[in-house]
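Scroll down for the structure; my scribbles are underneath it.
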Amino acid sequence: MVMFRNDDISEFLSLATGEGWISEAWELEFLLRVFPAGCLVCRNKGIPVAFLTSIKYRRSGWIGNLLVRMEWRGQGLGSALFQRALEVLDEAGTRTVWLTASASGRPIYERQGFIAIDTVNRWQTRGRITPGNGTANGFSGILALDEAGWGDSRETLLRATIDRGSVSLLPEGFMIQQGGENTVMIGPWGSSNPESATKLLEQRLLPEEHGSQIFLDVPAKNLTASKMLLKKGFTVQSSTTLMYRGETPDYAPEYIYALASMGSMG
């Protein structure tokens, strides 16, 4: 088991595509830059055969991107990477560790002490997202709203998504768009009230039958978000279980209208 390197990214992305995952190089580059000790691989004769990433924020951390080559599954590589990631996060002073689990993965993580706290639904539609109106002057408000939802300061993640995306700001909400012409991700998206959240979506979303694929991951406990998305023509594509281990987080899903990533870092 060794540290994940930048020259492993293309191999990971190839395997992730085969699994049907939505992954991009920037995400791996970001994780390797900000928390390299928590990004791990197992190799066989120099070739990476198993991968995992993690990240630490101020008090919390996330584990994601656990992927093992098909022919190497069932040999304990994923478990070894997972245990080492937990150790690294614990050594770094992490109080709460988050992850998202598939239906088959949930019982495995429960045996590791993880507790289900919510369901994350992946919503999708077709359309076009117009450019945002945000500026760096509004970052303190974005940071405060995000912390209200997750109970932690995730400044590094927010700055990374803003740098590569487009931001819309209102006094009581923000929305960040990531992606390109064919595929667009909405998130992170936070708001302190439904009215501002609805206004942000209506300002940005232009439904088009043959437009870009637009998707976002949303906590199921934010019932307002689900109702809004249904009304706007979104449908649920898939679901995972949001889980944590350690100190109970100050989790407030009513502030969270979309995660910042596809389950790998929150």
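The values are calculated or read from the model by the stated rules, or taken from the named source; none is laboratory data. Because the structure is predicted, anything quoted here is derived from the model rather than measured. Neighbour counts run over all protein chains shown; Cβ positions are idealised from the backbone, glycine included. Side chains included, ligands, DNA and RNA excluded: accessible areas come from the protein's heavy atoms. Shrake-Rupley method; radii C 1.70, N 1.55, O 1.52, S 1.80 Å.
Here are a few things to note about the model shown:
- With respect to (1) over 19 Å from the mean Cα position of the chain (by Cα); (2) among the polar types (S, T, N, Q); (3) surrounded by 16 or more Cβ atoms within 10 Å (Cβ to Cβ), the lone exception for residue 248 is condition (3).
- In segment 188-225, the residues that are modelled with pLDDT of 95 or more, surrounded by fewer than 16 Cβ atoms within 10 Å (Cβ to Cβ) and in contact with a strand residue (DSSP E or B) (Cβ under 6 Å, 6 or more places away or on another chain): none
- When residue 251 is tested against (1) more than 22 Å from residue 59 (Cβ to Cβ); (2) part of a loop (DSSP other than H, G, I, E, B); (3) among the hydroxyl-bearing types (Ser, Thr, Tyr), just one condition goes unmet, and that condition is (1).
- Selected residue (only one of 152, 163 is at pLDDT below 95, charged (D, E, K, R) and outside any strand (DSSP E or B)): 163
- Residue that is out of contact with any Ser or Thr (no Cβ under 6 Å at 6 or more places or on another chain), at pLDDT below 95, hydroxyl-bearing (Ser, Thr, Tyr) and crowded, with 18+ Cβ neighbours inside 10 Å, where the choices are 10, 23: 23
- Options 81, 28: the member that is open to solvent by less than 10 Å² (accessible area, probe 1.4 Å) and more than 14 Å from the chain's Cα centre (by Cα): 81
- Top-ranked residue of segment 9-56 - restricted to ones that are acidic (Asp, Glu) and in contact (Cβ under 8 Å) with a residue 40 or more places away in the chain, ranked as nearest to residue 188 (Cα to Cα): 27
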